[in-house]
Amino acid sequence: MKLITAVIRPEKCQAVKDALRDIGVNGMTITHVFGRGSQAGIKFVTRAGDIIVDELEKTKIETVVDDEIVDKAIDAIVSAAQTGKPGDGRLIVTPVERFVRIRQDSESPKE
Amino acid sequence: METAKRLGLLATVVVAVAIVATTLGMQTASADSIGLNEDSGSISWIMVSSVLVFAMVPGVAFFYGGMLRKQSMSSVMTQTLVASGVMTISWFVVGYSLAFGGDGLIIGSLDNLFMSGVMEDAPSGISELEFALFQGMFAIMTAAIVLGACAERVRYTAVVWFLAIWSILVYAPMAHWVWGGGLFDQFLTVLDFAGGTVVHICAGITGIALVLFTGPRSDRVRQSRAHNIPIAFLGAMMLWVGWLGFNGGSGLAADGTAVRAAVVSMAAAGCGMMSWAFVQYMVVGRVGVLGMIAGSVAGLVGITPAAGYVGVPESMFIGAVAGMLCFYAVRYTKGREKLDDALDVFAVHGVGGIWGAIATGIFAVPALSGGTAGLIYGSFDLFIGQIVAVLGTLVFCFTMSYAIIWCLSKVMRVRVTEEEELVGQDIIEHGENAYM
C-alpha cells in the first residue's frame with residue numbers, strides 16, 4: 001500500500017475529490033496548510049517597495065491506496081489539479097509499513 | 001513622475017489650506033443660546049439615535065467580515081474605517097451643504113461649507129447641527145454598505161477616491177432629492193421615512209455598478225465559506241439594535257412617531273427573519289445563523305421607508321414579504337456568473353429597499369403620513385411617485401457610480417490582480433493578518 005500526499009491549490013480540492021471518487025478512492029484526510037514552493041513565495045510590488053508573501057494557502061490531501069491503483073490515482077490527482085502555472089503543488093508517494101482499520105482492529109486491506 | 005506627484009501633493013495642500021482659510025473667515029461666532037429649549041427629550045433621543053446609527057458601522061464590518069474568508073477580515077474593517085473617515089470629512093466639509101443647504105432642483109448650495117451657519121442651538125425641537133450629525137451617520141452607513149458588494153477585489157486607494165467622489169456626486173444629490181427639497185420632493189409624491197431609497201437602494205445599485213465594473217472574484221475566493229459565524233451574528237445584531245435608532249430617530253423628535261417606528265421595525269425584522277427561515281427551510285431543508293441574520297436585515301430594510309407611516313399589521317406583512325423576496329433574490333444573483341455581489345448587498349438592500357418603497361406606496365396611512373395616502377386608501381399618486389423615485393434612483397446611482405469607477409480606472413489600478421486576490425488583501429494591501 002502507498003500513502004499519497006498531495007499539496008494542491010485550494011480551489012482544485014473539489015475537482016481532485018471528484019476525480020478520486022471516479023476511480024473508487026473515497027477515504028482521505030484533507031488539511032488546510034500554508035507553505036511555499038521553489039519560487040520561495042510570490043513577490044508583490046507596492047508603493048513603498050516589494051513585499052514577499054512566502055506563506056501561500058494550499059490544501060493537503062492524504063490518502064492510502066492499494067499498489068495496483070497508485071498510478072491511476074496519481075494521474076487522476078495530477079490531471080484534476082493542474083493549471084500549468086507556478087503554484088500547482090506537489091505529490092509525494094510513500095510506502096506504507098502497516099495499515100490498521102480501527103473499527104475492525106484488522107490489518108486486512110479489504111473491509 | 002516623482003516630481004509630478006510631489007507637485008500634485010503640494011497643489012492639493014495649498015488648495016486645502018486656502019479653502020480652510022476662506023471658510024474660517026466666513027464663520028460667524030455662534031450666538032449665545034437662544035433662550036432655553038424645552039425639548040430636551042428630542043435633543044437626547046436624536047443624539048442617542050445618531051450614536052446608534054454609528055454603532056451600525058462597525059456592525060456592518062463584523063457582519064460582512066464574518067461572512068468572507070479569514071484573509072479578508074482586516075480588509076473589510078479597513079474599508080469600513082475608510083467609509084467612516086471619508087464620509088465624515090466629506091459630509092461636514094461639503095456634503096451637508098449640497099444635500100440640505102438650499103432648495104435647488106438638482107443640488108443644494110455651498111452656503112454651509114464646514115458647517116458654517118449651522119447652529120447647535122434651536123428655540124424648539126432639535127437644532128440644525130444635530131440634524132446634520134444624524135444625517136452624517138446615514139452617509140457613513142450607506143458607504144459602508146456599498147463596500148460589501150465589491151469586497152475582496154477593489155484596491156484600498158481606489159476605495160478612498162471612489163467614496164470621496166461618490167459622496168459628492170451621488171450621495172449628496174440623492175439625499176437632496178428625497179429629503180432636502182430637490183427633484184423628487186418637488187415633482188413627485190414620495191415618502192421615504194428613514195432612507196429606503198437614499199440609503200438602501202442607492203447602496204445596492206452602487207454596489208452592482210462596482211461589481212460589474214471590477215468583475216467577479218476568482219473561483220477559490222468565491223466558493224470559500226463564511227469564516228466566522230459568531231462575528232457575523234454579532235455584526236447583524238449590532239445592525240438590528242442600531243436600526244431602532246436609524247428608524248426611530250428619523251422622525252427627528254422624541255414623540256409617538258418615534259415609538260411607532262421602533263415598534264414596526266421590530267415587527268418587520270421578526271417577520272422578515274422568520275419568513276426567510278421558513279422559505280429556506282422549505283427550499284434548502286435547513287436553516288442557520290447566516291440565513292436568519294440575512295432575513296432580519298431584509299425585514300429591516302423593507303420597513304425602513306415605511307416605518308413612520310404604517311401600522312403593525314402592515315409592517316408585519318412588509319417584513320415577511322421582504323424576507324421571502326430577498327431569499328429568492330439571493331438565490332438568483334448567486335447563480336449569475338458575472339454578477340459576483342460578494343455579500344448580497346443588492347439582493348438584500350437593493351431588492352428589500354425597492355419592495356419597501358413600493359410597499360410604502362401601497363400601505364401608507366394618511367393619518368400617520370400627514371395626508372399622503374397609499375394605494376389601499378384609493379390614491380395612486382404616492383404609489384406612482386414611489387415607483388418613479390425607485391427607477392430614478394436606480395438609473396442615476398448606477399450610471400454615476402459606473403462613470404466614477406470608470407474614470408478612476410483610467411488614472412489608477414482599481415482592482416487587485418488574481419494572484420493578490422488569492423493571497424488576500426489583508427496581507428497584500430494592509431500587511432495585517434486578522435488572526436494569528
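Each value in this text was obtained by applying a stated rule to the coordinates, not by laboratory testing. All figures in this text were calculated on a predicted structure; none of them were measured in a lab. Every residue, glycine as well, gets a Cβ built from its backbone with ideal geometry; the counts of neighbours run over all protein chains shown.
Is one or more of the residues making up the range B:383-390 assigned to a helix (DSSP H, G or I) and of a type in the set (S, T, N, Q)? The answer is yes, given that some residue of the range B:383-390 is assigned to a helix (DSSP H, G or I) and of a type in the set (S, T, N, Q). So, in the range A:30-72, of the ones that are surrounded by 13 or more Cβ atoms within 10 Å (Cβ to Cβ) and polar (S, T, N, Q), which residue ends up nearest to the other protein chains (Cβ to nearest Cβ)? The qualifying residue nearest to the other protein chains (Cβ to nearest Cβ) is A:THR59. Of the candidates B:PHE380, B:PHE363, the single residue that is farther than 30 Å from B:ILE165 by Cα and without any contact (Cβ under 8 Å) to a residue 24 or more places away in the chain is B:PHE380. Residues that are over 23 Å from B:GLY352 (Cβ atoms), surrounded by fewer than 24 Cβ atoms within 10 Å (Cβ to Cβ) and aliphatic (A, V, I, L, M) within the range B:166-221 comprise B:ILE168, B:LEU169, B:LEU183, B:VAL221, listed in sequence order. Could we say that B:GLY180 is more than 14 Å from chain A (Cβ to nearest Cβ), outside any helix (DSSP H, G or I) and either small (Gly, Ala, Ser) or in contact with a strand residue (DSSP E or B) (Cβ under 9 Å, 6 or more places away or on another chain) (or both) here? Yes: the conditions hold for B:GLY180. Restricted to strands (runs of 3 or more DSSP E) entirely inside the range A:12-111, those with at least 3 residues that are free of Cβ contacts under 8 Å to residues at least 12 places away in the same chain are A:42-46, A:49-53.
I want to confirm something. Restricting to the range A:1-11 and keeping residues that are within 11 Å of another protein chain (Cβ to nearest Cβ) and either part of a loop (DSSP other than H, G, I, E, B) or of a type in the set (D, E, K, R) (or both), which single residue is nearest to the chain's Cα centre (by Cα)? Only one residue tops the list, namely A:ARG9. Within the range B:423-435, track down each residue that is in a loop (DSSP other than H, G, I, E, B), within 23 Å of B:GLN223 (Cα to Cα) and either hydrophobic (A, V, I, L, M, F, W, C) or at the interface with chain A (Cβ under 10 Å from one of its Cβ atoms) (or both). The answer is B:GLY424, B:ASN433, B:ALA434.
If we keep just the residues of the range B:324-377 that are in a loop (DSSP other than H, G, I, E, B) and among the charged types (D, E, K, R), which is nearest to the chain's Cα centre (by Cα)? So the residue we want is B:ASP344. Within the range B:385-422, if we keep just the residues that are crowded, with 20+ Cβ neighbours inside 10 Å and within 11 Å of another protein chain (Cβ to nearest Cβ), the residue that is farthest from B:PHE187 (Cα to Cα) turns out to be B:LEU422.
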